[in-house]
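Engineer: Sharing a structure here in structure tokens format.
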Amino acid sequence: MDKTGIEQMLRKLTEADGPSGAEDAVAAVVRSLAQEYASEVRTDALGSIIARRRGAETPPGRIMLAAHMDEIGLIVTKVEAGFLHVAAVGGVDPRSVLGQEVTVYPSGPGAEHHPLGLPGYIGSRPPHMLSAGEREQVIPLRALRIDLGLPAAFFAGGVVRVGDRVAIRGPYTELLGGRVATKALDNRASLAAMLGALGYLAGMRHTWDVYAVATVQEEIGLRGAITSAFGLAPDLAIAIDVTFGATSGVNSGKTVAMDKGPAIGWGPNLHPGVVKRLREVADALEIPNVTEPLPGPSGTDAWAVQVTREGIPTGLLSIPIRYMHTAVETVVLADIDRTARLLAAFICRLDDAFLGSLAEEV
């Protein structure tokens, strides 16, 4: 595994669509990529993908890695005269979707003829047709319509129906400085880091069993993390997610520097012993990293995993991205690779005594 391999995985992961509750396409990509490095891969009852990589014959512990694979999207609420009314699935900002290209995945009669979905756009009235007051307002999502460019007669058979999912498009674009922009880097960047860590572990020795979990439905309530953590009951967990990268016009106190490695979360949601070891490993290998203070709930899978069963010691690594929850999310590829290497190195250093040492850090 290397940075090039991780970039190739990222491209494949972002090209697949997977709005919350409809992650099948991206799940298939995750399964395919994980099989090369995992001892076994399975899907749980909610749809999360669990890739297990065995450690020693008698492993001293089990660590869970959690990175959600769902993305924000839309759902059809009404079909009217050839146009689609929609509602948000996850944290969709109406300002960012106006004029945006989308893919509608039909489920009605005849849907089998459109396996790649139906391309369309979120249209809006020209500014010439808006009043002065309307031009100053954000158009609410309920007022937007998806136009598939098809006559109303196309919809008569019910091929598109209420409840069908809509994915926002955003082509994978290579930028200068080792950066890329595309949709769904929240959280495909972390999926690439988690799978990259499995790839690095393939050439390393580790005694703990590793469960790399691509969780579902994080964007609407951390649901995959809740169920998979309960089912696995790991001894230790690390969630991998994204955070707000430094952006022009945004308070620097609310963002994290980019191209400085992963952000190691630090706050009540995270176990001090896990945080300490992550920092020690990063320093030992000279992997750049920053500290992200999280005074309350992190809003990530770590939030759910930490309080599963009797409690699970949990850490959080976050990859800084810009323009979160848009079709042009931007990341530094080196930060993904640094996260993968830190995860692999952390796991390789887990031994029989680590769990006992955690109690001393509380």
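Engineer: Please list, ordered by first then second residue, the pairs with beta carbon atoms under 7 Å, 6 or more apart or interchain, first in segment 198-218 and over 11 Å from residue 228 (Cα atoms), second of a type in the set (Val, Ile, Thr).
Structural biologist: Sorted first by the residue in segment 198-218, then by its partner, the pairs are 201/210; 201/347; 206/347; 208/63; 208/347; 210/63; 210/347.
Engineer: Mind checking which residues of segment 220-231 are in contact with a strand residue (DSSP E or B) (Cβ under 7 Å, 6 or more places away or on another chain) and surrounded by fewer than 24 Cβ atoms within 10 Å (Cβ to Cβ)?
Structural biologist: 220 - this is the single residue of segment 220-231 that is in contact with a strand residue (DSSP E or B) (Cβ under 7 Å, 6 or more places away or on another chain) and surrounded by fewer than 24 Cβ atoms within 10 Å (Cβ to Cβ).
Engineer: Moving on. Just one of (1) more than 19 Å from residue 188 (Cα to Cα); (2) surrounded by fewer than 21 Cβ atoms within 10 Å (Cβ to Cβ); (3) over 20 Å from the mean Cα position of the chain (by Cα) trips up residue 75, so point out which.
Structural biologist: Residue 75 satisfies every listed condition except (3).
Engineer: Scan segment 56-69 and report the pairs whose first residue is in contact (Cβ under 8 Å) with a residue 24 or more places away in the chain and not assigned by TED's automatic domain parsing to the domain that holds residue 220 and whose second residue is hydroxyl-bearing (Ser, Thr, Tyr) and outside any strand (DSSP E or B), with Cβ atoms within less than 7 Å and a gap of 6+ or a chain change.
Structural biologist: none
Engineer: Which one of these is in the same structural domain as residue 319 (by TED's automatic domain parsing) and farther than 19 Å from residue 330 by Cα: 255, 291? Steps first, answer last, please.
Structural biologist: Working: 255 fails: farther than 19 Å from residue 330 by Cα.
Among 255, 291, only 291 is in the same structural domain as residue 319 (by TED's automatic domain parsing) and farther than 19 Å from residue 330 by Cα.
Engineer: Could you look through segment 150-202, keep only residues that are surrounded by 17 or more Cβ atoms within 10 Å (Cβ to Cβ) and in a strand (DSSP E or B), and pick out the one that is nearest to the chain's Cα centre (by Cα)?
Structural biologist: Per the criteria, the residue is 182.
Engineer: Identify the residue in segment 211-237 that is aliphatic (A, V, I, L, M), part of a strand (DSSP E or B) and under 16 Å from residue 30 (Cα atoms) and, among all such residues, is nearest to the chain's Cα centre (by Cα).
Structural biologist: Ranking the candidates gives 214 first.
Engineer: Mind telling me which of the residues 211, 172 ends up being closer than 30 Å to residue 100 by Cα and among the aromatic types (Phe, Trp, Tyr)?
Structural biologist: Every option except 172 fails the conditions.
Engineer: Now for a separate question. With the requirement that a residue be surrounded by fewer than 16 Cβ atoms within 10 Å (Cβ to Cβ) and within 17 Å of residue 338 (Cβ to Cβ), what does segment 239-278 give you?
Structural biologist: Selection gives 246, 257.
Engineer: Within segment 60-70, identify whether any single residue is touching a His at 6+ places or on another chain (Cβ under 6 Å), surrounded by fewer than 21 Cβ atoms within 10 Å (Cβ to Cβ) and not hydroxyl-bearing (Ser, Thr, Tyr), and answer yes or no.
Structural biologist: Within segment 60-70, not a single residue is touching a His at 6+ places or on another chain (Cβ under 6 Å), surrounded by fewer than 21 Cβ atoms within 10 Å (Cβ to Cβ) and not hydroxyl-bearing (Ser, Thr, Tyr).
Engineer: Output the number of residues of segment 297-315 satisfying the condition of being closer than 19 Å to residue 219 by Cβ, surrounded by fewer than 17 Cβ atoms within 10 Å (Cβ to Cβ) and touching a residue at least 24 places away in the same chain (Cβ under 8 Å).
Structural biologist: Within segment 297-315, residues that are closer than 19 Å to residue 219 by Cβ, surrounded by fewer than 17 Cβ atoms within 10 Å (Cβ to Cβ) and touching a residue at least 24 places away in the same chain (Cβ under 8 Å) number 1.
Engineer: Sticking with this one: Cβ-Cβ distance below 7 Å, separation of 6 or more or different chains: which pairs start in segment 121-133 with a residue that is among the aliphatic types (A, V, I, L, M) and end on one that is assigned to a loop (DSSP other than H, G, I, E, B)?
Structural biologist: Pairs that qualify, where the first residue is among the aliphatic types (A, V, I, L, M) and the partner is assigned to a loop (DSSP other than H, G, I, E, B), are 122/98; 122/99; 122/100; 122/144.
The values are calculated or read from the model by the stated rules, or taken from the named source; none is laboratory data. On a predicted model such as this, the values are computed, not experimentally measured, just so you know. When we count neighbours, we look across all protein chains shown, and the Cβ atoms used for this are built from the backbone with ideal geometry, even at glycine.
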